[in-house]
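A.B. asks: Encoded as structure tokens, here's the structure I'll be asking about.
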Amino acid sequence: MMRRPRTTTAKVVENRDTDSDVSFSQTVSSDEEIDEWRPAEPKPKAPSRAAKAPAAAGEKKAPAKRTAKPKEPKAPKLPKAPKEPKVPKVPKPRAPRKPAAERKTQAPKVLKDSGAAVLAGAKRKRIDEGKKDDKAAEIKGAKQPDCPEGGKAEESGPSIRMKEERVSFIVSDGHQADGWAGEGSSLAGFRAKKEEVEEEDFTFDEPSQKKQKTGGACLGRPTALASSEAHTLRNELNMSWDLIELLSTLTCVERWVCVNIIGLLREENTVPFMVRYRKDMINHMDADAVRDVQLIYEELCSLAKKTQSVVQTLTKDGVLTAELEQNLRSCRSADELDHVSSPYKKGSKLTKARRAKALGLEAAASALMDSPHTLDLKAWVKPGTEGLSSVEEVVTGVEHILADMIAKDPETLTYVKTLCENSFVTIQSSVSKSALKEKEQEKSVEGHKKPGAQQNKIKDIDKFHLYVDFTCNIQRIQPHQTLAINRGENLKILTVKVNFPDRLKSDFTWWCINNRWRPRTLAKEELSTIIKNAVEDSYKRLILPFLTRSYRIKLTSAAEKESIAMFVRNLRQRLLVCPVRGCVIMGVDPGFRHGCKLAVLSPTSQILHTDVVYLHNKGQPREAEKLRHLMTKYSCAKVVIGNGTACRETESVFADLISRRCFHPLDVSYCITSEAGASIYSVSPEAVKEMPDMDPNHRSAVSIGRRVQDPLAELVKIDPKHIGIGTYQHDVSAGALKAALDGVVQECVSFVGVDINICSETLMRHVAGLNAGRARNIAEWREQNGPFNNREQLKLVKGLGPKTYQQCTGFIRINPQTLHSAKSSPPPVPEKPPAKKGKGKTTNIPTSFNPLDQTCIHPESYHVAQRFLALVGGTADQIGSPGLRRCVDSKVRTSSVEELAKTLDTTPETLKLIIDGLTQPPGFDIRQNFGQADFKRGIVSMSDLQVGAVLTGRVDNTTLFGAFVDIGVGRAGLIHKSNITLDKLPASQRRRSLALGPGERVEVRVLNVDLQRGRIGLDLIRILQ
């Protein structure tokens, strides 16, 4: 009779960082019957925008083939999967059925083979090969996989897929900020080589050979990659799975869209360019969704590269077999690849199963499962041979081999995952023994002075008081709780376990013995005992640690993605705060001992004066008079105070001076802004170059003032992780966080646009297509030759080829006002005549101003814009005027955009962008629809707050557990996420995670005030529009 053990716990020995997570939340269905070891495929994420494909005739041309074609690695000939009669065929266990919509997204159904589970991956090859012939047809006609609306998407790997927060900032019907995320980083993995033109320089008069024509594609009209190129792409990866199909499944994006995105990425197009100027090819996806596809594509390419490296290493070591190679090339995640390859790595300790196989006991194990009546264990005994000297050692070796087979059998793993889904699996954290020991030592030596490091450790233990006795269902744990537990574990303060119920082991053991691992014929009692012991050993020694590690990896990966998503949205909203223009501003970096550093800035952010006043010393009246004199001299009525040390006291001084009308006749007001990163920036090379002869403390005051005058232009100078947004930034992948934040900076800068004649080199390098070197070349050309008269002159800049020009030029503006003011100053003498570089080739570049250069219209569409202007009876000089707007509106009312697009031989998307560019007023800034900094004249202290009071404030930061709101009392209050409910939100914000972001104005009610701990609890009433 089987004994029921106590609840089994698997202690976490190491929490390895891996390149992907393993999902154990799938249930068995007929669509997933693939007999091979692999983690469950992540459920595809619902696309941000549903794409319905109308039956539209015509297809888009495939991109022109490159002359310099990359070498195509020859795919190794993989042997057919031999049949193994040794393992009995056992019917699959019944499992709960999934909804029909969810089953559509799973892998295609495969008939179950009777072969052994050891031959993992052989079936995938047959699936993929069977689809090769009609692959092109599938790409063209593929429907978007159905995703359950309410289903929670489980992302794969460190792709850092942002949850369902497709934030679009609507400016006008045609200009919806085009999505606000994506990254312009280079692709990792396999990419076609760049084309090299033989002995000829490029010219801008001819179309770029790489550029894809998009005129034939529109919303819902698939534009497929040529079948030969798709086959080449698969050969490059040299994996058993189909890249397009797998990418479409993981991202829940239509196959033809995935093909187009891969093609655009391989053409070195940036995400902002694709989102704004290639909408028809990406099916109107926003930048977040495009970046999701890009990250998963890069992850798959990286996996293929890693697989190739492992295959080469194992071949060199002489342990690679055809079966093992097929298993490796069938892996779909880095964790799966590591699980398959780790036992064969050189230098790794031989597993118990491999040692037993080396003794020749594999045949005995096979005989035990296939024909136990013929197995005589005594015949395998070899006295004097270690491991075979007795029947007990032979039995132990056979058990180890069977345990290894059970742990790597895909059907067995699928069943145990299903059991876990239907069981109450919990994660538990408690204080570690080392932390308890240190705490006891602290009590014993109380009163004695302790070292600083030990004191900090004791304080850290107190920080984790919520998790010293914490237990939570694995399905319900929150992302911030996962990150907090991980941090405590890394600091050796917490011990973390994953607990599995007793019933899981008993059900698993019964199923294995009576179903999957039941011998073909009747076995003796002692042989049945061997199988039972092998099952229990496999569960305890191999399967349980594997499940524990996989659960931890999955939870950590999901938490990191959610944390980075929060960072991304916070940064985006912080960068897009509306600038305060047209007034003189004083930036104040507050301080006690060293005084308050002042910087007076002109309306164009030029430094007018810097000084220091000591407002918190005995001579305050004299310093206040000095301050009044400066503000009167420069007519400064706006003060920006940094929120650092002495902020509260400095604010009190200014509020008192304003109440006593010391600045009369000026109507002075002040605001508090974050000074996070200002001190780091003040000593950076960029600050030294920009303000070479200035004290670093004064540079901080300048930066604080400019953060309100033009937040985007100033904050791009600072590393995004130093701006003070989000939480747990040190607990997530640094590379993934940097890539995501850099992508957001690039998108914000590109979509806002830059005036090429006045923008800084630092801001310029964040424009899509540009980098530090190209931005420096543009700045040098501007210094040597004067302002740019038109976009065409960018072609004269060294290092700007056709592709760079194509990517950046739509986001660069030539403002006629700044151009005129720059020309009014004496122009520098150019060192060289403005001739196009090249081998004997020059290009004639016009020097006159083109009115279209001040709009968001791309130069590749200028000819369409000119024809549209002629059609409506307007001219380019009327851009932004009310008269032209009336003409355009009248034309669009009489003829739809689609009809006009056909008349002009362009796409509706391009025409809508042209209409926006022609009708937006000169100097239009998409940030004008966002809130500005709040200026005030009085002050309220925390002690004045009463429970139940209704206040207005501005969201300062959002975290995974709530939003911090500045209500003007010197301490931000917290709206817990439980108080942010759907009924309190506008319809446009209900689909966003947490729904709030920095800069949003809210009306709140005070729930509680804790003066001792400095905490304020708030309840959200509504969001103020």
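A.B. asks: Note down the nm distance, to one decimal, between modelled labels 7 Å out along Cα→Cβ at K345 and at S506.
C.D. replies: The answer from the label model is 3.9 nm.
A.B. asks: Using each residue's phi in region 906-919, evaluate 6.51 cos²θ - 1.76 cosθ + 1.60 at θ = phi - 60° and report the 3J(HN,Hα) Karplus result to the nearest Hz, with x for Gly and Pro.
C.D. replies: 9, 9, x, 4, 5, 5, 4, 5, 5, 4, 4, x, 7, 9
A.B. asks: Give me the percent of the accessible area of region 683-810 that comes from carbon and sulfur atoms, probe 1.4 Å, all protein chains in place.
C.D. replies: That fraction is 51 percent.
A.B. asks: Can you give the Kirkwood hydrodynamic radius for region 536-613, in Å, rounded to one decimal and based on Cα pairs?
C.D. replies: Numbers: mean 1/r = 0.0559 Å⁻¹.
After inverting the mean inverse Cα-Cα distance, the result is 17.9 Å.
A.B. asks: Same structure, new question: Are there trypsin sites (Lys or Arg not before Pro) in region 620-685 that DSSP puts in a loop and that have at most 14 other Cβ atoms within 10 Å, and which ones?
C.D. replies: Values: sites: R622, K626, R628, K633, K638, R648, R660, R661; in loops: R660, R661.
Passing both the DSSP loop test and the Cβ count: R660, R661.
A.B. asks: Additional query: Can you pull the Kirkwood radius for region 263-330, inverse mean 1/r over Cα pairs, to one decimal in Å?
C.D. replies: That comes to 14.3 Å for region 263-330.
A.B. asks: Something else: Radius of gyration and Dmax for region 636-692's Cα atoms, expressed in Å?
C.D. replies: Looking at region 636-692, its Cα Rg and Dmax stand at 14.6, 42 Å.
A.B. asks: Enumerate the amide H contacts of T959 below 5 Å, restricted to partners 5 or more residues apart or on another chain; note that Pro and chain-start residues carry no placed amide H.
C.D. replies: Answer set, sorted by chain and number: F964.
A.B. asks: Please give the contour-minus-distance gain from L666 to H976: 0.36 nm per residue of separation, less the Cα-Cα distance, rounded to one decimal in nm.
C.D. replies: Details: separation 310, 0.36 × 310 = 111.60 nm, distance 4.05 nm.
Contour length minus the Cα-Cα distance gives 107.5 nm.
A.B. asks: Let me ask another. Leaving ligands, DNA and RNA out of it, report the carbon-plus-sulfur percent of the accessible area of region 227-335 at a 1.4 Å probe.
C.D. replies: Working: 1240 of 2480 Å².
Whole-percent figure for carbon plus sulfur exposure: 50.
A.B. asks: For region 770-820, what is the per residue volume of the convex hull drawn over the alpha-carbon atoms, in cubic angstrom? Walk me through the intermediate numbers first.
C.D. replies: Details: hull volume 3.9 nm³, N = 51.
Each residue corresponds to 76 Å³ of Cα convex hull volume.
A.B. asks: State whether region 678-785 is rounded, prolate or oblate according to the following rule on the C-alpha gyration tensor (a ≥ b ≥ c being the square roots of its eigenvalues): a/c under 1.5 gives rounded; otherwise a/b larger than b/c gives prolate, and the remaining case gives oblate.
C.D. replies: Working: a/c = 1.85, a/b = 1.17, b/c = 1.58.
The shape class here is oblate.
A.B. asks: Further, regarding this structure: For region 295-438, what is the accessible area per residue in Å² when the probe is 1.4 Å? Don't skip to the answer; put the middle values down first.
C.D. replies: Details: 6220 Å² over 144 residues.
Result: 43 Å² per residue.
A.B. asks: What is the sum of charges, Lys and Arg at +1 and Asp and Glu at -1, for the other residues whose Cβ falls under 12 Å from the Cβ of R927? Let's see the in-between values first.
C.D. replies: Numbers: positive: R572, R574, R581; negative: D710, D925.
Local charge sum for R927: +1.
A.B. asks: Could you estimate the translational diffusion coefficient of region 870-920 from the Stokes-Einstein equation, with Rh from the Kirkwood formula over C-alpha pairs, at 25 °C and 0.890 mPa s, in whole µm²/s? Don't jump to the answer; show the numbers that get you there.
C.D. replies: Details: Rh = 10.9 Å.
In µm²/s, the coefficient rounds to 224.
A.B. asks: Modelling each spin label as a point 7 Å along the Cα-to-Cβ direction, I'd like the H722/V381 distance in nm, to one decimal.
C.D. replies: Distance between label points: 7.4 nm.
A.B. asks: Ok, one more. Could you work out Rg/(2.2 N^0.38 Å) for region 589-663, with Rg from alpha carbons only? Could you put the intermediate results ahead of the total?
C.D. replies: Values: Rg = 11.8 Å, N = 75, 2.2 N^0.38 = 11.3 Å.
Working it through for region 589-663, the quotient is 1.04.
The values are calculated or read from the model by the stated rules, or taken from the named source; none is laboratory data. Being a predicted model, the structure only gives us computed values, none of them experimental. We place every Cβ from the backbone using ideal geometry, glycine too, and count neighbours over all the protein chains shown. When the accessible area is computed, the model is the full protein with side chains, heavy atoms only, and any ligands, DNA or RNA have been set aside. Shrake-Rupley method; radii C 1.70, N 1.55, O 1.52, S 1.80 Å.
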